[in-house]
1. Any chance you could count how many residues in the range 1-42 are under 17 Å from Ile86 (Cβ atoms), part of a helix (DSSP H, G or I) and either of a type in the set (A, V, I, L, M) or open to solvent by less than 50 Å² (accessible area, probe 1.4 Å) (or both)?
2. For residues that are outside any helix (DSSP H, G or I) and open to solvent by 50 Å² or more (accessible area, probe 1.4 Å), scanning just the range 43-90, find the one that is nearest to Leu18 (Cα to Cα).
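The values are calculated or read from the model by the stated rules, or taken from the named source; none is laboratory data. Small disclaimer: the values here were computed from a predicted structure and weren't measured. Please note: Cβ atoms are built from the backbone with ideal geometry, for glycine as well, and neighbour counts cover all protein chains shown. Each accessible area value is taken on the protein alone, full model and side chains, heavy atoms only, with ligands, DNA and RNA left out. Shrake-Rupley method; radii C 1.70, N 1.55, O 1.52, S 1.80 Å.
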Amino acid sequence: EQAPSTPEAWLRLGNINLRLDRLEAAVHAYRQCLTFDRNEVRCWNNLSVAYIQMAASTLEQGSEEVSDPVKKEQLETMRRRVVESINTGKSEAP
C-alpha cells in the first residue's frame, strides 16, 4: 500500500504469497513487479515457479478425480515430473 509502484515491494509480496501457497496472489504480485521493471529476473523466475506449482496442483487434483487407475497413474507421473522441475529450478535460481 505504501509503495504501489515499487518492483521490490511486489517481489516481496509475491514471495510471501508463494511461501503461503497462495499461488494466484503470487502470480498477480509478480506480474505487478514486472509491470514496473521488465528486467527483474527474480520476478520472471518466481513467476515461473508459481505457474509450475499451479500445474503440479492441477495434476494432483486430476489424479484424485480420475477413477481409471491407468489414467490416474499417468497424471501422477506427470505431476512427479513437474515437481522434479521445481526442485531442479530451485537449485539453479539466481
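1. Count: 8.
2. Ser67
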